[in-house]
Ligand code: SOE
């Protein structure tokens with residue numbers, strides 16, 4: 001008998017849609033016991049949330065998230081709202097005994113994130129943060145290759161996350177869709193929005209980041225605020241570059257901006273180790289590039305004229321997640337990263353081995369983000385305080 005997983009989806013924007021799609025498709029692809037039931041969609045604007053609920057098939061709507069969080073017919077609260085609301089909703093949901101899934105970044109800052117971790121741990125409720133890029137099969141394969149010891153001693157980690165949608169000074173800040181430009185709602189700019197993804201992936205693949213030094217820039221200093229109707233100072237970082245030291249002795253460089261003309265969602269990383277390197281680019285998500293350096297193989301010398309980067313098409317059933325989808329050579333897309341994340345979460349509940357990143361794990365990413373912003377303010381190296 002399938003177990004119901006009754007969902008309250010808080011927020012109906014981009015992430016409300018991405019997460020809802022995952023709930024709807026879970027049982028079509030993954031052999032799990034739980035069956036998501038779309039119980040309630042929540043948003044402040046009744047008309048808009050009703051339209052969302054009708055499109056995605058939610059049974060009812062609420063305009064006050066507290067009612068949904070406390071509803072007896074809800075098992076899981078999913079937070080897809082702007083960053084400044086994550087803290088209060090997550091803590092209330094945990095105290096009501098609900099499972100809590102939260103969009104990234106976990107919180108506005110480390111203080112909030114720590115309180116959220118405490119709440120879910122005290123309540124003992126399953127929890128996860130939607131760092132969806134871990135669930136790109138190519139990135140999950142990178143993790144497997146590293147864990148198999150094929151990269152050897154790591155020296156360099158290089159990440160970029162580039163977009164271009166805020167170059168025009170005419171783009172307003174604040175309100176629906178543009179809250180990411182309002183520092184009071186988002187907490188930060190590219191650091192929390194984009195680099196949080198890069199940092200999560202980096203620490204998953206290459207371990208804890210211990211120290212950072214950063215430089216941020218705000219290129220457009222004032223923008224019209226959609227909510228107040230006034231031109232107001234811009235408080236977010238439009239671009240952020242930082243150097244990092246990893247606990248394993250390797251060095252990292254991270255670059256993120258929303259001012260890279262032509263780059264829409266250019267999320268890349270490269271890891272260089274003594275025995276090999278890996279490269280990933282989200283614009284070609286079905287490929288992982290791997291350079292394998294072998295000194296000697298069963299007594300034979302390396303045939304150096306044949307060495308080179310391998311571009312692995314990660315669509316075989318042996319590749320992470322792919323056995324649940326189509327035949328080798330056929331691809332999956334962005335929306336499947338959320339579906340894979342949800343499947344991992346549900347399998348984690350069913351096996352008793354909770355999936356990552358949970359709130360505690362995402363707190364480590366928050367620590368790096370806060371250290372980056374502090375370093376940009378002070379111009380100094382800052383210790384991250386990430387758990388080792
Ligand atoms: C910002 O433009 C954004 O939508 C992020 O908020 C997402 O996390 C990222 O995956 C795509 O870009």
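Key figures
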item: For the chain: relative contact order, % (alpha-carbon pairs under 8 angstrom, 6 or more apart); result: 19
item: Cα convex hull of the chain, projected area averaged across orientations, nm²; result: 20.9
item: Where labels lie 7 Å past Cα in the beta-carbon direction, separation of residue 115 and residue 307 in nm; result: 5.4
item: Among 139, 332, 89, residue whose mean-square fluctuation peaks in a GNM of the chain (springs only between Cα atoms under 10 Å); result: 332
item: Gaussian network model of the chain, Cα within-10 Å springs - most flexible of 343, 51, 142; result: 51
item: Three-way shape call for region 236-349 based on the alpha-carbon gyration tensor, with the a/c threshold at 1.5; result: oblate
item: Label-point gap, in nm, between residue 327 and residue 28 - each point 7 angstrom along Cα→Cβ; result: 2.0
item: Residue-span extension gain [residue 46 to residue 168] - 0.36 nm each, minus C-alpha spacing; result: 40.7 nm
item: Global form of region 49-162, assessed from the alpha-carbon gyration tensor, a/c cut-off 1.5; result: prolate
item: Pairwise centroid distance, computed over Cα atoms, of region 305-327 with region 76-117, Å; result: 36
item: Global geometry of region 195-296, whether rounded, prolate or oblate, following the gyration tensor of its Cα atoms and the 1.5 cut on a/c; result: prolate
item: Added length on full extension, which subtracts the Cα-Cα distance from 0.36 nm per residue, residue 351 to residue 221; result: 41.8 nm
item: Net lengthening on full extension, residue 231/residue 73 (0.36 nm per residue, minus Cα-Cα); result: 52.5 nm
item: The chain: most fluctuating residue of 218, 210, 365 per GNM, C-alpha cutoff 10 Å; result: 218
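Values in this text are rule-based calculations from the coordinates and carry no lab data. Small disclaimer: the values here were computed from a predicted structure and weren't measured. For neighbour counting, all protein chains shown are included, and Cβ atoms are generated from backbone atoms with ideal geometry for every residue, glycine included.
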